[in-house]
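See below for the structure under consideration.
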Amino acid sequence: MSASFQSFLQKVGNLSEVKIKILKSLWKRDTCPFPKPWVKSQTLLKETQQKYFDRRTRELRDENGCDIENDQISGEYCYRLRSNYVGNKNPRGYLSTTEKEKLFVSHNFTCQICGRKYKKGEKGLQADHKIPLIRKGSQKYENWQPICVSCNVGKRRACEGCLDECKKCSWAFPEKIGKAVILKIPNPILEKLVSLSSHSEQKMQAKILEILKKELLD
């Protein structure tokens, strides 16, 4: 490792081997200026041999304070280091078994996003931070909600790169704002949306909302 990269790792703190591999891949070479070049998901998967490399990458950003951004480029998720700045660390906390049970019972074992109901003990329901850690969400009980695995994935993708106010987001506060919806878009329409949105997922969501408002409210 170069002296510059080693110094960067020391600022980040103790990391697992997988997280070090991810940062090494994103760092590239000392001669590469910031922001560093984009690295494809497939590249990180190959170099880490870690199925959940994407989760570890988010932890580096959300919990370890690394200045990592991601975007969908030409249909593939990519990541890069914007700088060698290391922000405040926000280690992920977890609800105790008692607190999780209380959370699920208080919401009748129901996903707050899609409304699917589960039986007690049935797998598939997860405890989710309403406001993500990266957006300064707290670890307090009030910032948790039960959502299903599918909606958790959808919420995570919707949060990537989003700069909207969390308190006005239907993924975070569906009981106040309204339900978030996962759309299954046919390929011909999807290709057109991707083209209109310059391959940006956030711009695509904005374009879909613009079309719906024009069709239903104008």
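All of the numbers you see were taken from the coordinates with simple rules; none came from a lab. What you are looking at is a predicted structure, and each value in this text was computed from that prediction instead of being measured. Cβ sites come from the backbone with ideal geometry, for glycine too, and all protein chains shown count toward neighbours.
Structure notes:
- Largest-first principal axis extents of the Cα set of the chain (Å): 53, 47, 29
- On Cα atoms only, tilt of 53-62 relative to the major axis of the chain in degrees: 90 degrees
- Checking the Cα-Cα distances for K28/K192; K46/K136; K24/K179; K40/K192 against a 29 Å cut-off, the pairs over it are K28/K192; K46/K136; K24/K179.
- Under 5 Å between amide hydrogens, built in the peptide plane, is the criterion, and for I73 it picks out C78 among residues at least 5 positions away or on other chains.
- Coil-residue trypsin sites (Lys or Arg not before Pro) of the stretch 163-216, DSSP, other Cβ within 10 Å capped at 14: K179, K184
- Rounded to the nearest 500, the helix-only mean residue ellipticity at 222 nm of the chain stands at -12000 deg cm²/dmol, with each DSSP H run of n ≥ 4 adding -39,500 (n - 2.57).
- Rounded tilt (10° steps) of 97-106 against the dominant C-alpha axis of the chain: 40 degrees
- For the residue pairs K167/K214; K36/K140; K89/K117; K167/K213, the C-alpha atoms sit more than 32 angstrom apart in K36/K140; K89/K117.
- Cα-based Kirkwood hydrodynamic radius, the stretch 97-177, one decimal, Å: 12.9 Å
- Dipole magnitude (debye, nearest 20) for the chain, charges at Cβ of Lys, Arg, Asp, Glu: 340 debye
- Cleavage-rule hits (chymotrypsin sites (Phe, Trp or Tyr not before Pro)) in the stretch 1-73: DSSP loop, at most 13 neighbouring Cβ within 10 angstrom: Y52
- Given charges at Cβ of Lys, Arg, Asp, Glu: the chain dipole, positive-most of C114, S16, C166: S16
- Our Cα-only numbers for the stretch 3-86 put the radius of gyration and Dmax at 11.7, 35 Å.
- The residue among N187, G137, V149 whose Cα reaches farthest toward the positive pole of the charge dipole of the stretch 80-215, with charges on the beta-carbon of Lys, Arg, Asp and Glu, is G137.
- 0 to 90° range, to nearest 10: angle between helix 149-159 axis and the chain longest Cα axis: 60 degrees
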